[in-house]
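Read the structure below first, then the notes.
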Amino acid sequence: MVAGFALAPASAQLAFSPPVTTLVRDSGVSVSPLSKSLAVADFNGDLFPDAAVLDSTGSGAAVSILLNDGAGLLLPPVRYAYVGDTSRSIAAGDIDGDGDIDLVVASEGGQGEPPPPSVQLNLLLNDGTGVFGVLQMESCGSGRGDTAAIITHLNADSIADIAAIDFNFNLCVSFGGVSGLVPPVRYTSPVQSKVLSSSDLDGDLDQDLVIGSNGLYVIRNLGGGIMGTATYFSAQGRVYSVDFGDFDRDGDNDAIAGNAQVNGLTRRNLVIYHNAGNATFAMPVEIDSSLHPASLTTGDFDLDGDLDIAVAHCNGCGLGGETPGLRNAASILLNTGDGTFAAPVSFPSGGPNSTVQGGPRSIAHADMDRDGRDDLVCYNITGWPVQQMSVSVLLNQTPRPCPADFNRDGTLDFFDYDDFVTCFEGAGCPPGIDADFNEDGAIDFFDYDDFVMAFEAGC
């Protein structure tokens, strides 16, 4: 029998399927190249993640929903138009507390709106089947400019909230509720920006806000969604994307930022900010300078228990320093286990290979086929004016380092046995995992026998 022991680092190489691409819009559509947002969530309640993307012309706003086909790939889009001008950002979450995933889109203003136009938050409510309607619009502030919105949890209730920022120094917080959005509380942003994210950076279980610009501006949540003043942490360039995770396993959430115009030069890089534990970051450390990071996300892509980085490497997104002949890609940097990272491994993103104004603008990860592995989803847009928009899925085919580590906690022990039996009996499974251990499409005693043999063999 097997005593509890930690698993050795996986020796298997990363493996992803070739991208399978679903067209959103064909040629001839004029869309701002800043429209680069993607949201991945289960919109129709079938437990398979779906995708929502911005799909707007220069004179109208829309969102396209691409439902999962049940095998991890995406069906043709269903388009929802709404009142607005150029859309800049999309986010997903349960805003009205009914258990369904809704959408919020940040736009520059309404069509035909008299000056001064307002930056708008457009709430699209889900009816539970993946069909959306527009409930309301809230103004974040006056003026035009790039804007971004996120869905997070800022106060003490269980309903998601919205935070938004624009290029006119407006920062808005709008709490979700059973009737939709509460009119936003407005703060003055410390900087013009279109990059906004959230994480619990001080360990108090409240989500703090982070603005990316010429560095990171951390705004701590004082409790109940009341935001404090901003603290600035310098960068090596202009931040285009940021994500968080405990990369060095010290119990605090660190930050990964993708920068452009590094140190005043036409180059890009990825940096890590290590968290001292009280929302205070050390000076950023460069971890890569070869990629063009239009967007990034973090997940455990090699199944070793550490958070890795996936980058939308867009050589034609106007980030500066385009490399002639360099192909666009979805690139992964594996965590070595201590918060340092190996050189990127790149996979075709499914978008255009042109190095001129085109490529993957946004990247997300989710277990699209529910096999317990983080897959990649890329939103691809060609040049300016945009000629084509598409969404690609790259299914993770990396071998599992230890199949009998059923709860994926990095240790093979009797908790794995208990969790498998509980799952097999239909009493609940770990997230993203089912009891079809041999992956033959049926849950039966062959799965039980195969699990027991793998468990007794150890790793």
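Points worth noting:
- Residues located in region 425-453, provided they are over 20 Å from Phe48 (Cβ atoms) and open to solvent by less than 30 Å² (accessible area, probe 1.4 Å): Asp447, Phe451
- Cross-chain or 6+ apart pairs with Cβ under 9 Å, region 434-450 first and aliphatic (A, V, I, L, M), then assigned to a loop (DSSP other than H, G, I, E, B) and surrounded by fewer than 16 Cβ atoms within 10 Å (Cβ to Cβ): Ala435/Glu425; Ala435/Gly426; Ile443/Gly426
- The residues on offer are Asp50, Asp85, Asp55, and the sole one that is open to solvent by less than 50 Å² (accessible area, probe 1.4 Å) and either modelled with pLDDT of 95 or more or in contact with a His (Cβ under 7 Å, 6 or more places away or on another chain) (or both) is Asp50.
- Listed by position, the strands (runs of 3 or more DSSP E) contained in region 140-237 that have at least 3 residues being of a type in the set (A, V, I, L, M) and surrounded by 20 or more Cβ atoms within 10 Å (Cβ to Cβ) are 147-152, 161-166, 208-212, 215-221.
- With respect to the stated conditions, Val210 is closer than 16 Å to Val239 by Cα and either out of contact with any helix residue (DSSP H, G or I) (no Cβ under 9 Å at 6 or more places or on another chain) or of a type in the set (Asp, Glu) (or both).
- The single condition from (1) over 18 Å from Leu47 (Cβ atoms); (2) out of contact with any helix residue (DSSP H, G or I) (no Cβ under 6 Å at 6 or more places or on another chain) that Gly426 fails is (1).
- Condition check for Asn269: open to solvent by less than 20 Å² (accessible area, probe 1.4 Å) and at pLDDT below 95: yes
- Scanning region 405-424 for residues that are touching a residue at least 60 places away in the same chain (Cβ under 8 Å) and either part of a loop (DSSP other than H, G, I, E, B) or open to solvent by less than 50 Å² (accessible area, probe 1.4 Å) (or both) yields a count of 7.
- Residues being assigned to a loop (DSSP other than H, G, I, E, B), among the hydrophobic types (A, V, I, L, M, F, W, C) and closer than 15 Å to Arg400 by Cα - total across region 434-455: 1
- Beta carbons closer than 6 Å, at least 6 apart along the sequence or on distinct chains, pair a first residue in region 356-383 that is more than 21 Å from Phe244 (Cα to Cα) and open to solvent by less than 20 Å² (accessible area, probe 1.4 Å) with a second that is modelled with pLDDT under 95 and part of a strand (DSSP E or B) for Asn380/Pro360; Asn380/Ser390; Ile381/Arg361; Ile381/Met389.
The values are calculated or read from the model by the stated rules, or taken from the named source; none is laboratory data. Since this is a predicted model, take the numbers as computed values, not measurements. Counting neighbours? That spans all protein chains shown, and the Cβs are built from the backbone with ideal geometry, glycine included. In case anyone asks, the SASA skips ligands and DNA or RNA and just uses the protein heavy atoms, side chains included. Shrake-Rupley method; radii C 1.70, N 1.55, O 1.52, S 1.80 Å.
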